[in-house]
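Report on the structure given below.
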Amino acid sequence: MSSRLRELMGVYADEAERCIRCGFCNSVCPTTLSSIGHIPSRTSRGRLVLLQSSLENGTPYPFTPRFKELIDLCIGCQRCVSVCPARIPIPTVMSSYRRAYTVAVGGKSLSRGEWVVANYEPVVKYLSRTPAPLRRILLGKPLLWLFKRVGDFADDAPLPIPEGGTLDKHFKNSTPRPGYQTLAYFSDTYARFVKPSIGVSARMLLRTAEIELVYPRQYDSGVIFWELGLWDKVEKLAVRNVESLSEEVEKGRRILCTSPASTLMLREVYPKLLDSEKSRAVSDAVVDINELINSLVESGRLSANLSGLSFVLHSTCLSQYLRLTSQISSSFQKLGAHVGGVVSECCGSGGLWGLFRKNRELSIEIGGKLLRRLGSSGTVLSYSETCVQQIISLTKGSMTVQLPHEALYNWVRMAATQYGAEHISQAT
Ligand code: SF4
Ligand code: SF4
């Protein structure tokens with residue numbers, strides 16, 4: 001049986017076997033640093049030991065729900081990657097195990113909740129296009145309660161609720177503007193169908209720096225499939241996205257992402273999966289919105305007077321992994337805003353992991369440490385859509401929580417109104 005797991009995990013079986021069991025990963029792993037962390041099999045190191053044991057001698061048998069439950073305690077935050085002395089891509093190894101599990105177990109591999117999550121894109125796409133009165137009924141308390149029951153979501157889970165409208169509509173007929181730099185925008189599903197205002201604010205903000213966004217043909221990034229181990233589905237999406245985005249790259253355009261998960265998928269996961277020239281070209285062309293803003297502020301192309309504004313910066317797991325925290329902080333400081341603190345605890349959402357009933361208690365426990373650092377009021381900037389939702393939910397709306405570029409756009413607009421900067425009003 002060990003050979004079956006080895007065969008299905010491929011090179012990631014070798015990666016798991018390189019683990020020297022030092023336990024450094026435990027020191028940063030949010031689920032390990034919780035009340036379950038005293039149980040060895042529920043730690044980051046313990047998951048590697050389990051896999052090694054299964055690979056070496058077939059015990060414990062790896063294709064059981066119980067085994068998978070232990071692996072599923074890895075929420076893919078990437079915090080361990082930088083501390084592992086063996087440089088093991090730990091979350092990818094876990095995703096690779098999940099892939100092996102789905103292949104070995106077949107149709108029964110996904111739980112009901114995971115199946116619902118895997119079909120997230122068509123659901124939010126439908127809701128985003130539904131007229132407001134019907135959407136209100138569909139998202140009203142009774143049907144939402146039923147949906148949470150069916151999907152095994154916790155009653156208090158902050159589900160992504162579409163605000164109405166789509167980015168496709170907003171960017172319909174978008175073309176380059178004469179005299180402006182052109183970037184191709186890869187929005188991903190959340191901004192496209194759940195919160196189009198993320199893309200609208202990025203577009204308006206960048207116009208103040210004479211950058212215009214075009215919106216190429218695109219599909220979901222596949223990050224949820226990646227988390228669930230459905231690599232075949234990720235690969236299909238990656239092929240289609242790379243095909244479309246590489247046409248933009250050929251025109252000399254960079255690919256803008258406004259979600260850290262999209263930045264991660266396009267920059268790291270797609271080239272790993274596809275191993276093609278085109279995927280590497282797209283990867284090289286990716287620029288995260290926070291990297292772009294930082295370079296625009298540094299060069300003076302984006303300016304505003306934000307003195308008097310203050311916030312706490314939540315350094316999210318993916319901001320840390322993508323080395324964005326210092327860039328976000330530096331941009332705002334250069335514009336005169338006061339960074340009242342940088343808080344780096346995990347919020348416990350783990351993408352959609354923390355929404356499930358079975359994970360909610362642990363998710364809240366993990367997020368509780370962050371809340372104690374944040375306090376109970378004020379403004380928090382957090383670069384991850386699901387972290388924003390989680391913090392709003394855990395603080396019961398007492399804090400203003402925004403993505404950095406959304407806050408920047410609002411503040412730049414406010415400053416423009418105050419100081420009468422012409423180029424801002426032109427842009428909006
Ligand atoms: S990716 Fe995050 S949750 Fe998974 S083992 Fe590493 S630190 Fe722990
Ligand atoms: S830090 Fe790396 S080598 Fe050490 S226990 Fe974790 S996975 Fe293994």
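Where a number appears in this text, it was derived from the coordinates with a stated rule and is not lab data. Keep in mind that this is a model prediction, so the values were computed, not measured. So basically every Cβ, Gly included, is an ideal-geometry build from the backbone, and we count neighbours across all protein chains shown.
Evaluate the charge dipole of segment 65-116 about its Cα centre and quote only its size in Debye, nearest 20, assuming +1 on the Cβ of each Lys and Arg and -1 on the Cβ of each Asp and Glu. Could you put the intermediate results ahead of the total?
Details: 8 positive and 3 negative charges, 13 e Å.
Computed charge dipole of segment 65-116: roughly 60 debye.
What is the gain in length, in nm to one decimal, between residue 39 and residue 115 on full extension, counting 0.36 nm per residue of separation less the C-alpha to C-alpha distance?
Value of the extension gain: 24.5 nm.
Dipole of the chain, Cα-centred, from +1 at each Lys and Arg C-beta and -1 at each Asp and Glu C-beta, to the nearest 20 debye? Let's see the in-between values first.
Numbers: 51 positive and 38 negative charges, 166 e Å.
I would put it at about 800 debye.
Taking only C-alpha pairs under 8 Å that are 6+ residues apart, what is the relative contact order of segment 1-73 in percent? Mind showing how you got there, number by number?
Working: 65 pairs, mean separation 24.0, N = 73.
Contact order relative to length: 33 percent.
Sorted from fewest to most neighbouring beta carbons within 10 Å, what does the list 74, 347 look like? Mind showing how you got there, number by number?
On the way: 74 25, 347 31.
By the 10 Å Cβ count, ascending: 74, 347.
Considering the dipole of the chain built from charges on the beta carbon (Lys and Arg +1, Asp and Glu -1) around the Cα centre, which of 209, 336, 59 is farthest to its positive end?
Value: 59.
Grab the other residues whose beta carbon is less than 15 angstrom from that of residue 331, score K and R as +1, D and E as -1, and report the net.
-1
Kindly list the residues of segment 322-340 that lie in the label zone of residue 373, defined by a backbone N under 18 Å from the point 7 Å along the Cα-to-C-beta vector.
322-330, 339-340
Can you work out ³J(HN,Hα) from phi for every residue in segment 179-187, in order, using Karplus 6.51 cos²θ - 1.76 cosθ + 1.60 and θ = phi - 60°, giving whole Hz and x for Gly and Pro?
x, 9, 6, 10, 10, 9, 9, 9, 8
How far is the Cα center of segment 124-165 from the Cα center of segment 346-366, in Å?
After rounding, the separation between the Cα centres reads 19 Å.
Expressed in nm to one decimal, what extension gain is obtained for the pair residue 357 and residue 24 from 0.36 nm per residue of sequence separation less their Cα-Cα distance? Don't skip to the answer; put the middle values down first.
Numbers: separation 333, 0.36 × 333 = 119.88 nm, distance 2.96 nm.
Fully extending the segment from residue 357 to residue 24 adds 116.9 nm.
Report the residues of segment 162-188 in range of a label on residue 204: point 7 Å along Cα→C-beta, backbone N strictly under 17 Å from it.
Residues 163-172 qualify, since their backbone N sits under 17 Å from the label point.
With runs of 4+ DSSP H residues as the only contributors, calculate the mean residue ellipticity of the chain at 222 nm using -39,500 (n - 2.57) per run, divided by the residue total and rounded to the nearest 500.
Working: 23 runs with 222 residues, N = 428.
That comes out to -15000 deg cm²/dmol.
In nm, what is the difference between 0.36 nm times the number of residues separating residue 410 and residue 7 and their Cα-Cα distance? Don't skip to the end; give the middle numbers.
Details: separation 403, 0.36 × 403 = 145.08 nm, distance 5.17 nm.
That pair, residue 410 and residue 7, stretches by 139.9 nm at full extension.
Starting at the first residue of segment 158-164, write each ³J(HN,Hα) from the Karplus equation 6.51 cos²θ - 1.76 cosθ + 1.60 with θ = phi - 60°, in whole Hz, x for Gly and Pro.
x, 5, x, 9, x, 7, x
Restricting to DSSP loop positions (anything but H, G, I, E, B) with no more than 13 other Cβ atoms inside 10 Å of their own Cβ, which trypsin sites (Lys or Arg not before Pro) remain in segment 131-234? Working shown, then result.
Values: sites: 135, 136, 148, 149, 169, 172, 192, 203, 207, 217, 233; in loops: 172, 217.
Filter output for segment 131-234: 172, 217.
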